[in-house]
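Some notes on the structure that comes next.
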């Protein structure tokens, strides 16, 4: 449940967190992004970086410039004001090749829910997701908006390595992975889109608050799309705020 | 040929680090940068570098170094083992010239973990996303996105001006026995009173699972409360003390994951991050809670200390004179004998 009033949580002398809810909720997520936007606009002295997550905003600060306790109270006060709806964010259409070697858990997820693999693909590619948080590893985009009919707790044991571009689900969350890493989530598919290229400007394709739609893509198209991505093309389609 | 530093022999960890890659926390990339910011600042000052120059950070390492196309001015700071230049011992926390043909050996430190080696002009490898710091998990920065290894030849900056005096600084103590100070939170309310009492009252030990991402501690299990050990993932900071299901705390450090799903019982204050980083596997860690006002005062004292380091640089000649004067005075006192010296 979203709290009646946001909470100020101490994170030592170089950060604090403003928390809006105990769980994952659309309203809390919207208020996180609204406070993030408000802080970017106000540019308070001492604020270094902000990190939006599903239900909270962490503010990193320089304690030589601002008093952490005073700054925390000031931002908490702003959190009450940050209710204005945000302008519609960017929408990305991201191609995904589902199943087979691209998504080795598709069949198991389908079996668990008593669905066909095609029905899982349809449910996974239907919603418009929001990038609620980028974290854990560089460019790992955690999405809100998963179909409740696909919610499934993590695998009992994580896989030691999953490839870059992995599109997976875990609990009520959906993920687009940027670099290879261990994962205990269910792998539904893979995208050729490179969401993190250190030498590209900007290095990160997705931003917190962006909207995402997955476009089921035939496996025969993988090689051509992957080659185009390798050559520096975005491959994902950017639809600026038009569909809001 | 532009000069290069040849890492002829290396055992242990080593990476290039500058002041860090800042501004990408919201994209999941932690800043990296030095594990001991005081040693980092001191080493760069000693060789006349700016505060953001890249250095080699050694972690429990021994090495042999040579320069090709040299000379180069070098300085070590932090947890430095024995240094010798062509077989002659040389002090840390002072600058010196390494000339072509000479051999510098660095022993594994007996105390502490991280030693910083600065070279005049820094190590001008390409910056990646604004920084030369290695982030190993992301394969970013450093030397081709990887740690240093034996045989590497690192580019050096311009040759140092000749005839400049070598400089020295007093080393900063590693404070091994002292408690590590924390501010409780952000999720201290996920722990019952006995969990908090375990965390603040008992001794922990740095385990072997300790690297630039974080230090896992062995010791008593910290009990979780009724809410269990899973939270909705939120942001971590350098110094976050997360407590996973095992009940054994992990202190997150420079190359940490930027978000995590375990409750964080406390945060190590910024002034003490170098002290926990310099604890070795097997060494004891005790935590002591301070309030945010105290943590802020200590951060500002640390800031003032770093800002004042430059004013404490001495030239090595004057240092030698000072030491000689102190030794002469010491001998004079000794000459009086214990009884007479005690008469005053």
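Could you compute how fast the protein assembly as shown diffuses translationally, taking Rh as the Kirkwood radius over C-alpha pairs and applying Stokes-Einstein at 4 °C with viscosity 1.567 mPa s? Give it in µm² per second.
50 µm²/s
Counting only alpha carbon atoms, the long axis of helix B:316-341 and the longest principal axis of chain B meet at about 90°.
How big is D for chain A, in µm² s⁻¹ as a whole number, if Stokes-Einstein is applied with the Kirkwood radius of its Cα pairs at 20 °C and 1.002 mPa s? Estimated diffusion coefficient is 112 µm²/s.
Between residue A:197 and residue B:283, the distance separating the two model label sites (each 7 Å from Cα on the Cα→Cβ line) works out to 4.4 nm. Over every Cα atom in region A:151-215, the radius of gyration and the widest Cα-Cα span, Dmax, amount to 12.5, 38 Å.
How do A:185, A:92, A:222 line up, fewest other C-beta atoms within 10 Å first? Mind showing how you got there, number by number?
On the way: A:185 22, A:92 25, A:222 17.
Lowest count first: A:222, A:185, A:92.
Angle of helix B:292-308 to the longest C-alpha principal axis of chain B, folded into 0 to 90 degrees and rounded to 10: 20°. Calculate how steeply helix B:37-46 sits against the longest principal axis of the alpha-carbon atoms of chain B, using the helix alpha-carbon long axis, and give the answer as 0 to 90 degrees to the nearest 10. The angle comes out near 20 degrees. Extending 7 Å from the Cα toward the beta-carbon at both residue A:26 and residue A:153 defines two label points whose distance is 2.7 nm. Chain B: D in µm²/s via Stokes-Einstein (Kirkwood Rh, Cα pairs, 10 °C, 1.306 mPa s)? Answer, rounded: 74 µm²/s.
Sort B:156, A:39 by Cβ crowding within 10 Å, fewest neighbours at the top. All intermediate terms of the calculation are to be shown ahead of the outcome.
Numbers: B:156 26, A:39 19.
The most exposed by this proxy come first: A:39, B:156.
Set the Förster distance to 51 Å, then compute FRET efficiency between residue A:4 and residue A:218 from the Cβ-Cβ distance, nearest 0.05. List each step's numbers first, then the result.
Working: r = 49 Å, r/R0 = 0.97.
About 0.55, to the nearest 0.05.
Which shape class applies to region B:4-159: rounded if a/c is under 1.5, otherwise prolate when a/b exceeds b/c and oblate if not, where a ≥ b ≥ c are the square roots of the Cα gyration tensor eigenvalues? Since a/c reaches 1.5 and a/b is larger than b/c, the shape of region B:4-159 is classed as prolate.
From the Cα gyration tensor of region B:87-131, with a ≥ b ≥ c the square roots of its eigenvalues, which class applies: rounded if a/c is under 1.5, or else prolate if a/b is larger than b/c, or else oblate?
Numbers: a/c = 2.54, a/b = 1.42, b/c = 1.79.
Oblate, since a/c reaches 1.5 and b/c is not below a/b.
Relative contact order of chain A: 20 percent, from C-alpha pairs under 8 Å at least 6 residues apart in sequence. Size check on region B:180-302: the Cα extents along the three principal axes, sorted descending, read 39, 32, 28 Å. Of A:33, B:129, the sequence from fewest to most neighbouring Cβ atoms within 10 angstrom is A:33, B:129.
What the Cβ-Cβ distance of residue A:239 and residue A:41 gives, at R0 = 25 Å and to the nearest 0.05, is a FRET efficiency of 0.50. When a/c reaches 1.5 or more, the comparison of a/b and b/c decides; with that in mind, is region A:195-234 rounded, prolate or oblate per its Cα gyration tensor? Oblate, since a/c reaches 1.5 and b/c is not below a/b.
How long is the gain from residue A:123 to residue A:230 if the chain were fully straight, where each residue apart is worth 0.36 nm and the alpha carbon distance is subtracted?
Working: separation 107, 0.36 × 107 = 38.52 nm, distance 2.92 nm.
That works out to 35.6 nm of additional length.
Summary of the geometry: region B:182-226 and region A:161-177, compared by the centres of their Cα atoms, lie 30 Å apart.
Suppose R0 equals 30 Å. What FRET efficiency, 1/(1 + (r/R0)^6) with r the Cβ-Cβ distance, do residue B:208 and residue B:103 give to the nearest 0.05? With R0 = 30 Å, the Cβ-Cβ based efficiency is 0.40. Cα-based radius of gyration for region A:43-109, normalised by 2.2 N^0.38 Å, reads 1.84. Remark: C-alpha extents of region B:251-304 on the principal axes read 31, 27, 21 Å, sorted largest to smallest.
From its DSSP helices (H runs of at least four residues, each -39,500 (n - 2.57)), chain B gives a residue-normalised ellipticity at 222 nm of -6000 deg cm²/dmol.
Only the coordinates and a few stated rules stand behind these numbers; no lab work does. This structure is a prediction, so every number in the text was calculated from the model and none was measured. Reconstructed Cβ throughout: ideal geometry from the backbone, glycine too, with neighbour counts over all protein chains shown.
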